[in-house]
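Undergrad: My structure is below; once you've seen it, I'll send some questions.
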Amino acid sequence: MPDTDPNLSPAVSARRILAAARFAAEKHVAQKRKGKFGEPYVNHLLEVAELIAGSSDSLDTNLIVAALLHDTVEDTATTSLELQEKFGEDVASLVAEVTDDKSLPKATRKALQIRNAPHKSARAATIKLADKISNLRAILASPPADWSLERQQEYFEWARRVVEGLPAANAILKAEFDRTYARFGELGTRGSK
Ligand code: ZN
């Protein structure tokens, strides 16, 4: 399995990325984003993958494939074995690195994300960073209807603590995270008017 082969032809790369996009779209078909507009969940996956593709001049096909699949094991009936069989060991292990244990209470999972952030591989850290950017953008654009400004603020603070713990963060994505994080201040001003 040529998992991290830098010599993949562009045609093979495109095929793998599109196969992952379609797989993810099918797996998440019944799921919507939490925002008040209820956007299709696949929008989030495409955004995370696009952020990663745009943050480097060298193409890491498996990283983009894993970005598209990053929520499949956590949020759908997909198993790690299924990812391994369809997309290879490298992709499956990247997804496993960014998958929370859903058997734990939510507060524990959130605390673990902060505690485990420093132990992530650089590629898993890139997915986590792009994921947090996408989630903050979603809250800015379309917050969940039942989230108070305080709850939104808490989410921003939590995301910042996870991101600050990540090793060797991708500089372009880190800068985009910082810009997105800073926009919450403007939202706060708007909310208090
Ligand atoms: Zn996600």
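The values are calculated or read from the model by the stated rules, or taken from the named source; none is laboratory data. Nothing here was measured: the structure is a model prediction, and the numbers come from that model. A quick note on method: Cβ atoms are made from the backbone with ideal geometry, for glycine too, and the neighbour counts reach across all protein chains shown.
Undergrad: Considering only the range 28-46, I want to know if a residue exists there that is β-branched (V, I, T) and within 20 Å of A14 (Cβ to Cβ).
TA: Checked against the condition, which is being β-branched (V, I, T) and within 20 Å of A14 (Cβ to Cβ), the range 28-46 yields at least one hit.
Undergrad: Condition check: in contact (Cβ under 8 Å) with a residue 12 or more places away in the chain, within 13 Å of the ligand (Cβ to nearest atom) and more than 16 Å from I127 (Cβ to Cβ). Does T76 satisfy that?
TA: Yes.
Undergrad: Taking the range 1-52 on its own, how many of its residues are part of a helix (DSSP H, G or I), surrounded by 14 or more Cβ atoms within 10 Å (Cβ to Cβ) and either of a type in the set (K, R) or at pLDDT below 95 (or both)?
TA: Going through the range 1-52 one residue at a time, the tally reaches 2.
Undergrad: Looking for something without any contact (Cβ under 8 Å) to a residue 60 or more places away in the chain, surrounded by fewer than 22 Cβ atoms within 10 Å (Cβ to Cβ) and of a type in the set (V, I, T) - is there at least one such residue anywhere in the range 53-61?
TA: no
Undergrad: Can you tell me which condition A77 does not meet? The list is (1) under 21 Å from L129 (Cβ atoms); (2) part of a loop (DSSP other than H, G, I, E, B), and all the others hold.
TA: (1)
Undergrad: Checking the condition surrounded by fewer than 14 Cβ atoms within 10 Å (Cβ to Cβ) and of a type in the set (D, E, K, R), which residue from R115, R160, R123, R109 passes?
TA: R115
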